[in-house]
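Structure record follows, encoded as structure tokens.
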Amino acid sequence: MCRRRSPALTLPTVTDDLLLTARDLTKKFGDFTAVDSIDVEVRKGEAFGFLGPNGAGKSSTMRMIASVSPVTSGELRIFGLDPAVDGQQIRARIGNCPQKDLLDEELSVEENLWVYGRFFGLSRAEVRQRASELLEFAQLSERHADKVEHLSGGMKRRLVIARSLINNPELLLLDEPTTGLDPQARHVLWDRLFRLKRQGVTLIITTHYMDEAEQLCDRLVVMDKGRIAAEGSPRDLIDRYSTREVVEVRFDTDEHAPHAAPLEGIGERMEVLPDRILLYADNGDAATAAIAQRGIHPLSTLVRRSTLEDVFLHLTGRTLVD
Amino acid sequence: MVGYALWRFVLLRDVLAFRRMWWLFASGFAEPVFYLFSIGIGLGALVQDVTTDHGLVVSYAAFVAPAMLATSAMNGSIADTTYNFFAKLKFSKTYDTMLATPARPWDVAIGEILWSLIRGGIYSAIFFFVALAMGFVRSWWAILAIPACLLIGAAFAGVGMWATTYMTSWKHFEFVTLAIQPMFLFSATFFPLAVYPEALQWLVKLMPLYHGVEIQRGLMLGDVHWGLLGSSFYLLALAAVGLWGASRRISTLLLT
């Protein structure tokens, strides 16, 4: 558990703008390897994402970064500190927004912030001042004295984020920040996260929503089965692993596989899914025209821009949301 | 400086939460008072004076009252560190949230044990004044009765919390009842130790409540002897071991 820096595995000197480095970072639970020797670097002020399906190892990675889960092997440095040695110092500088809204239902909205803030060494007056600012930021000022259980899902999420900011963190960890929220609540939340980013807070986000990763992240890694499948900016990844556009072709049938052969050769690449066929092409309209030219009449064709979902599909052969 | 005595805020959390549930308070001290009235006074009317293990002759109610005081201290701390602790540990995940801050597992354990002592201490104090008003307090040594209650409470809180970390379902609380009930009945609470055969006496002497009863009986009846110091150390040791074990288990369970 308490791994010391081994001489063979020294990290390059942590430069001023590197906030987090992981080398061969591994997390095992018994025989199960949740995180399988990943390398990650996050710079200051960056919004960095872990994209992947459930069970990819995102949350295990986040918990190690949050210094609440011991590293099994490999090296992890946050602010240049080792969580096995300086976990308390690291936690003091992090805002942690876990996957589940773990709010204290026996306390009011503002009491949740007060108590949490005191653990970071803030005085009574500081905590009250900070709480009222954060409730303003989270658009919860009017609900300050309410019981937590009466808040909506979106409000609870915003309160958790407000709580995670009470110590003015340099690094904010957001594990699935918008899972389970309606579209409106998601946009409110994204707006708040953009503001934090503009203020210079480094964000590390896990998500299994492609649009979220594309919206929020400067750079991301795609995780699958505990490993990193690809790394780059959303645009990079799409350019590297997909085409500019995608044509989604549906037939009036239960089985799409038999329809694949006649489409062969249209676009650069094809992916056959149970409910549709994806044709990867730089020019979607040209591809659609080519389908018609061959005398094939699908139920529908839809041309859209490539997304990270296509990247993920290409890298792993599976769709992302499961 | 990061993380100095953060158990204070575990305590703060409990105080804030409890302000909404003050009515739960009543249940905790009612039980020993009821026993004092029914057994001590009701049964006491039928029973002759009792000779304590140290040769003092007292009325039955005066014999039972110190035992009920020790029991109230036990009940008060057990409620918070077993049942309520389990709910926060497993369901409301209160401690997962705390451990994401600079707080550490022992801050959680110390904070919760102290809270249970505050609550249990208040129960005991109320009971003590009931006993005092009814004339069951015979000695100035009884000034130490409330601190002694805190010691009894700490022993049960520590061990109770440690045991609770091994529980995985509400059904396991039957074991708490299974441990508390015989202890309540047989720890020289309702009759002197001398009524048991020698072999059983040794078993009774292992029970923490027996030592709590010994201390309270000694203080309230003014029958103070060196053995009480031994009993105190026994309870103190249980408190320390319980706190140590509970902290370690909280770490094992939550920091995975």
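Each reported figure results from applying straightforward, stated rules to the coordinates on display, with no laboratory input. Note that this is a predicted model, so its numbers are computed, not measured. Quick reminder, even Gly has a Cβ in these numbers, built from the backbone with ideal geometry, and neighbours come from all protein chains shown.
The table that follows gives values for the structure above.
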read-out	value
Cα-based equivalent ellipsoid of region B:80-130: semi-axis lengths in Å, sorted from largest, via gyration tensor	27, 12, 6
Dimensions in Å of region A:243-305 - Rg and Dmax from alpha carbons	10.3, 28
DSSP-defined beta bridges in chain A - what % are antiparallel, rounded to 5	65 percent
Of A:280, A:229, A:290, farthest towards positive along the dipole that unit charges on Lys, Arg, Asp, Glu beta carbons give region A:223-296	A:229
For the protein assembly as shown, Kirkwood radius (reciprocal of mean inverse C-alpha pair distance, Å)	27.7 Å
Built amide H within the under 5 Å cut-off of residue B:47, gap 5+	none
Within region A:213-322, GluC sites (Glu not before Pro) in DSSP loop having at most 14 other beta-carbon neighbours inside 10 Å	A:255, A:264, A:268
Under Karplus coefficients 6.51, -1.76 and 1.60, residue-wise ³J(HN,Hα) of region B:217-225 in Hz, glycine/proline x	5, x, 6, 6, 9, x, 9, 8, 9
Candidate aspartates and glutamates - alpha carbon under 15 Å from residue B:205, same-chain residues fewer than 8 apart omitted	B:53, B:214
Neighbour net charge for residue B:187 - beta-carbon separation under 13 angstrom, K R +1, D E -1	0
For q = 0.12, 0.13, 0.20, 0.32 Å⁻¹, Debye-computed log10 I/I(0) when each Cα of region A:157-208 counts as one equal scatterer	-0.24, -0.28, -0.67, -1.52
Residue range of chain B that is longest and free of trypsin sites (Lys or Arg not before Pro) which are both DSSP loop and sparsely packed (at most 13 other C-beta within 10 Å)	B:21-256
Anisotropy class of region B:64-174 from Cα gyration tensor, a/c 1.5 cut	prolate
Within chain A, helix-based [θ] at 222 nm, where runs of 4 or more DSSP H residues each add -39,500 (n - 2.57), nearest 500	-10000 deg cm²/dmol
The protein assembly as shown - share of DSSP beta bridges that are antiparallel (%, nearest 5)	65 percent
Convex hull volume per residue for region A:158-303, taking Cα atoms only, in Å³	152 Å³
Under 24 Å, Cα to Cα: Lys pairs in region A:15-232, sequence gap 8 or more or different chains	18
Rounded if a/c under 1.5, otherwise prolate or oblate - region A:53-174, Cα gyration tensor axes	oblate
Rounded to whole Hz, the Karplus (6.51, -1.76, 1.60) HN-Hα couplings of region A:281-293, x for glycine and proline	8, 6, 10, x, 5, 4, 5, 4, 4, 4, 4, 4, 4
Region A:120-224 shape via C-alpha gyration tensor axes, a/c threshold 1.5	oblate
Most mobile of A:182, A:310, A:39 in a GNM of chain A (Cα contacts under 10 Å)	A:182
Relative contact order (percent, whole number), chain A, Cα cutoff 8 Å, 6+ residue spacing	19 percent
Inter-label distance for residue A:105 and residue A:144, nm, one decimal - labels placed 7 Å from Cα along Cα-to-Cβ	2.6 nm
Cα Rg over Rh - region B:113-256, Kirkwood	1.00
Ratio Rg/Rh, restricted to chain A and using Cα atoms, in which Rh is the Kirkwood radius	1.05
Separation of alpha-carbon centers, region B:119-178 and region A:121-188, rounded to whole Å	39 Å
More than 28 Å apart - percent of Cα-Cα pairs taken over region B:11-254	31 percent
